[in-house]
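Participant: Have a look at this one before I ask anything.
The values are calculated or read from the model by the stated rules, or taken from the named source; none is laboratory data. What you see is a predicted model, and the numbers here were worked out from it, not measured in a lab. Counting neighbours? That spans all protein chains shown, and the Cβs are built from the backbone with ideal geometry, glycine included. Just the protein is used for accessible areas: all its heavy atoms, side chains included, with ligands, DNA and RNA removed. Shrake-Rupley method; radii C 1.70, N 1.55, O 1.52, S 1.80 Å.
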Amino acid sequence: MPAAVQSVNPSSVSIRHPFASRQGQVVALALLVLLLVLIAAPLIFLLRASLTPPGELPFFVDTYSLENYVSVLTSPDLLDLILNTLKYALGSVIFGVTLASGIAWLVERTDIPFQTTIRILMYSWMAVPTIVLAFGWILLANPGSGIVNLLLREFFNVTGSPISIYSLPAMTLVTGLALVPTAFAMIAGLLRNMDPQLESAGAVHGATTFSVFQSVTFPLLIPGLFSVGILLVMAMVQAFDFPLVLGLTAKVHVLSTRIYLLAHSDISRPDYSLPATFGIFFLVLAVALMFAYFRTVRMGERFRVVTGKAFRPRRFSLNGWRYPAATVVGLYFALMLLPLLILLWTSFQPFYQAPSIHALTQLTLANFVSVFEESQILRAISNTVILVMCSATLVMVLSVMIAWYAVRSKGRIGKYLELLAFAPMAIPPVVLAIAVLLIYLRTPLYGTIWLIVLAHVSVYIAFGTRTMHAALLQLHQELENAALVCGANWFVMLRRIVFPLLRPQILNGWLWVAAHSARDITFPLFLITATNVVVASELWVLWETPEIPTASALSMVLVLGLLVLVVPVQILASRSMAREAH
Amino acid sequence: MLTLEGLHKTYPPTDPSQGAGKTAPALRGVSITVEKGEFYTLLGPSGCGKTTMLQCIAGLETPDSGDITMCGEVVFSSARNIFVPASKRRLGMVFQSYAIWPHMTVFENVAFPLRQGGKGLSKQVLGDRVMAALDRVKLRDFANRPAPYLSGGQQQRVALARALVGEPRVILLDEPLSNLDAKLRDEMRVELRDLVKSLGITTIYVTHDQVEALSMSDRIALMKDGKVIQEGTPADLYMRPKTAFASEFVGRSNLIPGKVVNGSADSDYGTVAVQFGDIRCRLPDGVAVGESVNVMVRPHGIDVNGQADEINRFAGRVRGTSFVGEFLDICVDLKGCSLRVYASPYDAITTGQEVALSFPPDRCVVLLPDEAAISGEGGRYSQSLEQPSHRSD
Ligand SMILES: Nc1ncnc2c1ncn2[C@@H]1O[C@H](COP(=O)(O)OP(=O)(O)O)[C@@H](O)[C@H]1O
Ligand SMILES: [Mg+2]
């Protein structure tokens, strides 16, 4: 461990605790103000906007009106919207979590082959943006020219379009599939943290393998699975990308897409007060889910067994089922790869067509050439690089500091900081996007990439703070105190002790934020202008034009870029995990 | 009752990239026999294979080779390809972390063994037996308490009740006291032994703590690096250790290097020449004149300023004292050889004083060099000053 002994000028030596020091307090206050500006201010604007008369912007009137609320509550499809949103979220989560639990159990608790490979694939999956997947599924299963339909027509002699991606069930299904890697990561964690002695105790006292599973393993996992489920439902209620790309054509609207449509009306001048009101309703729903989440988490805490050991789990022997089980998991990955493969194919075609011998003769690099030549696309790429680097770095730096105050300071400011930083979990991105739009519409920030950076920092700080909070709890405070006693000030202590020791977690968090910042289309679309376009929003523009081959080529470039960023780190991480398991 | 014969176990490497054959064997040919109703302890430092052995008995691990017989029934045999699964061995077990199921009440935890295997007990009988088991561990009033709301000591009792309730053939305990605080540990030591003894259940007890082992067991198997080094009653192990390792792991000892100068054909006794003189003591079989050996004496075994006509009497100077209360811990220099001696606290002994030390011949144990070499040479005395290092695993 690097010693934090600094050669300090004796007159500046201060071993007072950082909370007592002026420096520490100033930093804490600065963080608090920053979070208020980033998170609380937009929400206040949102509320204000919902109370303005329809068609007005909140800055220009000083009248209040409940008209928007009346029109939302009396709109005939409000109930449908909420039902659709819940059906979509619940359906995809139930499907995704079930599948992920199965795979997680196989990987963590059985002797299935290729464990490390499966893990790496799962953890690397965040490199594949949802919007790209959605494009792929459209090419595969749209009712007109979708390959699946072509094949069915050709080989099974069916007519019409037996399969369509444009429906609520199909949308739910592909969302569920895409959710598996996230759910896998969480559930594998649950399984790893369970004391295997609890299961051994069942076996020794007369229970068969099946009844151990039924009466010990499964009931113990329930609270954890439940809270994973609610967390994901919360995320899926807020989801915007699949509902936008698939749902608009399907005419299946959920709350997030409705708000988008209201704010981006083609026919009339955009009216932000009605979407803001929808946003308020949406916010209420999300906050309710958040409380449900906290309740189950607290329930789960009760079940946690207090042992601080690293467990060597006993693995269930699959015997003859090892390879069949691996094949099933392989099939899942194959299914996930199909959309990417069809995009890869299309990216080498002059126009979209199903694979055939004839089409093979038309392979071309023209799409990639245009990706790297069109100035609009080049700008999108350079903007994306700025966006990803800046938002990930800012989020992690702020998160470490906020989490540090939350964990180490016993005072109030730490609590407020943490609460504020966690709030974005319950704020649907579309709602925050509308709010950010309202605040910054008339400022010079509007139309620059920096506004998107700012929005992403506000959204992802919740994730960053949570991971850093967990990591800091593991770090013994005496390590930090030792540095302070040696004469380091607060910043030096953070830089020389906390950052280096938490490097693996920080790196992982950085990657997560980077990948999600690159794939997000919510903020880029809500805030889009000619100058702040990023790859994700450019993809949508190209797709809508439609310039499908160019969109495919750009998708491939994006996925490849993210893979290069994500995969090496995941390989290193799973290696070191295997070593630690010893 | 319970016999293990030639058990070998090597764990597969955890990191597949390391390749096979890199892990050291956890058990190398262990054989023990436990009598019915006996309190049998596996004692040894952390990592010596005690848990592995217990898990092999329980059926939670599969040995690579060997046989395990329980009440005449072969439950494991590598040669005959027999493996009775854990759930069919009719055992009770207390785990190191207690493994109390947090989603059940105390009652449900204890009832679990009775509900397995289609025993078909009526509700009434089941309830009676569970309450009787809870009575035995003094937890009757806690029956309906959810398991997470228990203190460490209470969890330990629940684990014990659960292990006993099914009237197991053998009960296995893996360091059950190591998670308790010191005072509770002393109480539970007595309580636990009395309980299993009163029920007459055969008990296998795992610990790395010599005090627990000595005070609770009928017999002890001292283990090191996957082997049983010595087996015997607590008194055997303490008074007649066969190796330097045994002498130092169980209690404190002085090891004095020397050479055998003469033996006699008609008696077991002989003389060993050490740095400060000749010690007359009992020689083990097969020791030859001229051989290098260690003479082991416990700090308690040395008489300070005893009668002048005692044999093996030497004069030395006190280099340091430490008043412990029950005894006076003194360090005596005998012609350059320093010894640890426990004197009576009522003797007024001060640093710098001359004292006469005598070594009663039947308290001196001669350890053969090759055995002594197991635990390594050098710094012997300074090592024996410390407690055997009790790392918890
Ligand atoms: N599941 C396992 N996988 C690999 N190695 C193990 C496993 N369990 C124990 N070992 C190794 O076997 C040896 C004996 O371990 P153990 O029986 O737990 O010792 P003890 O209980 O005496 O402390 C140790 O070196 C330990 O690292
Ligand atoms: Mg152990």
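Participant: Sorting A:I381, A:I259 by accessible area (1.4 Å probe), largest first, what list results?
Facilitator: A:I381, A:I259
Participant: What is the Cα centroid distance between segment B:186-229 and segment A:69-112, reported in whole angstrom?
Facilitator: 54
Participant: Provide the solvent-accessible area of B:C364, counting protein heavy atoms only and rolling a 1.4 Å probe, rounded to the nearest 10 Å².
Facilitator: Estimated to the nearest 10 Å², B:C364 gives 10 Å².
Participant: Here is a further query. Return the distance in nm (one decimal) between the two label points of a simple spin-label model at B:E310 and B:S215, each offset 7 Å from Cα along Cα→Cβ.
Facilitator: Using points 7 Å along Cα→Cβ, the separation is 2.8 nm.
Participant: Under the rule of -39500 (n - 2.57) per DSSP H run of 4 or more residues, summed and divided by the residues of chain B, what mean residue ellipticity at 222 nm is obtained, to the nearest 500 deg cm²/dmol?
Facilitator: -7000 deg cm²/dmol
Participant: Skipping prolines and chain starts, which residues have an amide H placed within reach, meaning under 5 Å, of the one on B:K227, given they are 5 or more residues away or on another chain?
Facilitator: B:R28
Participant: Residues of segment B:54-68 with accessible area at least 30 Å² lower in the all-protein-chain context than alone (1.4 Å probe)?
Facilitator: Those residues are B:L60.
Participant: For chain B, give the magnitude of the charge dipole about the Cα centre (Cβ charges: +1 Lys/Arg, -1 Asp/Glu; no others), in debye to the nearest 20.
Facilitator: Computed charge dipole of chain B: roughly 1260 debye.
Participant: Per residue and in cubic angstrom, what volume does the convex hull of the Cα atoms of the protein assembly as shown have?
Facilitator: Cα-based convex hull of the protein assembly as shown, divided per residue, equals 259 Å³.
Participant: Per the 1.4 Å probe, what fraction of the accessible area of the protein assembly as shown, in percent, lies on carbon and sulfur atoms?
Facilitator: The C+S portion of the solvent-accessible surface of the protein assembly as shown is 61 percent.
Participant: Oh, and also: Indicate the residues belonging to segment A:199-235 that lose 40 Å² or more of solvent-accessible heavy-atom surface (probe 1.4 Å) upon moving from the chain alone to the assembly of all protein chains, ignoring ligands and nucleic acids.
Facilitator: A:A201, A:V204, A:H205, A:G206, A:S215
Participant: To continue, here is another question. Using a 1.4 angstrom probe, figure out how much accessible area the protein assembly as shown has per residue, in square angstrom, rounded to the nearest whole.
Facilitator: Value returned for the protein assembly as shown: 44 Å² of accessible area per residue.
Participant: Farthest toward the dipole's positive end in the protein assembly as shown, which of A:V128, A:A250, B:N179, given Cβ charges of +1 (Lys, Arg) and -1 (Asp, Glu) about the Cα centre?
Facilitator: About the Cα centre, the residue reaching furthest to the positive side is A:A250.
Participant: Still on this model: May I ask you to derive the relative contact order of segment B:131-288, considering only C-alpha pairs under 8 Å and at least 6 residues apart, and to give it as an integer percent?
Facilitator: 11 percent.
Participant: Still on this structure, please answer the following. Please compute, over every Cα-Cα pair in segment B:313-361, the percentage with a separation greater than 12 angstrom.
Facilitator: The share of Cα pairs beyond 12 Å in segment B:313-361 comes to 58 percent.
Participant: Let me ask something additional. Within chain B, what is the longest stretch that has no trypsin sites (Lys or Arg not before Pro) placed in a DSSP loop and near at most 13 other beta-carbon atoms within 10 Å?
Facilitator: After excluding every exposed loop site, the longest remaining stretch is B:139-334.
Participant: Per residue, how big is the convex hull of chain A when only Cα atoms are used? Give it in Å³.
Facilitator: 192
Participant: Counting only residues 5 or more places away or on other chains, whose amide H sits under 5 Å from the amide H of A:D111 once H atoms are built in the peptide plane?
Facilitator: Placed amide hydrogens put A:F316, A:L318 under 5 Å from A:D111.
Participant: Of B:D236, B:D303, B:D347, which has the largest mean-square fluctuation in a 10 Å C-alpha GNM of chain B?
Facilitator: B:D347
Participant: Rounded to two decimals, what is Rg over Rh for segment B:2-237 when you use alpha-carbon atoms and the Kirkwood radius?
Facilitator: 0.98
Participant: In chain A, which whole DSSP H runs stretch at least 18 Å along their own axis (Cα) and average 0.0 or higher on the Kyte-Doolittle scale?
Facilitator: Counting only whole DSSP H runs, the qualifying helices are A:22-35, A:78-109, A:168-192, A:218-237, A:273-303, A:322-347, A:375-408, A:449-474, A:548-580.
Participant: In addition: Cα-Cα over 23 Å: which of B:K183/B:K242; B:K9/B:K224; B:K36/B:K123; B:K183/B:K227; B:K9/B:K242?
Facilitator: Over 23 Å Cα-Cα: B:K183/B:K242; B:K36/B:K123; B:K183/B:K227; B:K9/B:K242.
Participant: If you keep only loop residues by DSSP, which GluC sites (Glu not before Pro) in segment B:1-90 have at most 15 other Cβ atoms within 10 Å of their Cβ?
Facilitator: Filter output for segment B:1-90: B:E35.
Participant: Within chain A, which is the longest segment containing none of the trypsin sites (Lys or Arg not before Pro) that sit in a DSSP loop and have at most 13 other Cβ atoms within 10 Å?
Facilitator: A:17-250
Participant: Here is a further query. Given B:Q154, B:P25, B:A132, which one lies farthest toward the positive end of the charge dipole of segment B:2-237, if we put +1 on the Cβ of every Lys and Arg and -1 on the Cβ of every Asp and Glu?
Facilitator: B:A132
Participant: Let me ask something else. What accessible surface, in Å², does a 1.4 Å probe find on A:M290, ignoring ligands, DNA and RNA and rounding to the nearest 10?
Facilitator: 20
Participant: Next question. Based on the Cα atoms of segment B:252-375, what semi-axes does the equivalent ellipsoid have, where each is the square root of 5 times one gyration tensor eigenvalue, given in whole Å with the largest first?
Facilitator: 27, 15, 12
Participant: Another question about this same structure. Give the interface area between chains B and A as buried accessible surface, both sides summed, probe 1.4 Å, in Å² to the nearest 100.
Facilitator: Looking at B and A, the buried total is near 2500 Å².
Participant: With r defined as the distance between the Cβ atoms of A:L318 and B:A79 and R0 fixed at 30 Å, what FRET efficiency is calculated, to the nearest 0.05?
Facilitator: Once rounded, the FRET efficiency stands at 0.70.
Participant: Roughly how far apart, in whole Å, are the Cα centres of segment A:332-404 and segment A:113-157?
Facilitator: 15
Participant: Counting only helical runs of four or more DSSP H residues, what would the 222 nm mean residue ellipticity of chain A come to if each run contributes -39,500 (n - 2.57) and the total is spread over all its residues?
Facilitator: Result for chain A, helices only: -22000 deg cm²/dmol.
Participant: Also: Looking at the P(r) of segment A:402-489, how many percent of alpha-carbon pairs lie beyond 19 Å?
Facilitator: Summing the P(r) tail past 19 Å for segment A:402-489 gives 54 percent.
Participant: Give me the percent relative contact order of chain B, please, defined on Cα pairs under 8 angstrom at least 6 residues apart.
Facilitator: 15 percent.
Participant: Taking the Cα of A:L151, stepping 7 Å toward and past its beta carbon, and measuring to each backbone N in segment A:344-366: which are under 17 Å?
Facilitator: Under cut-off, by backbone N: A:344-346, A:353-357.
Participant: Follow-up. Mean separation of Cα pairs under 8 Å and 6+ residues apart, divided by the residue count of chain A: what relative contact order is that in percent?
Facilitator: Computed over chain A, the figure is 25 percent.
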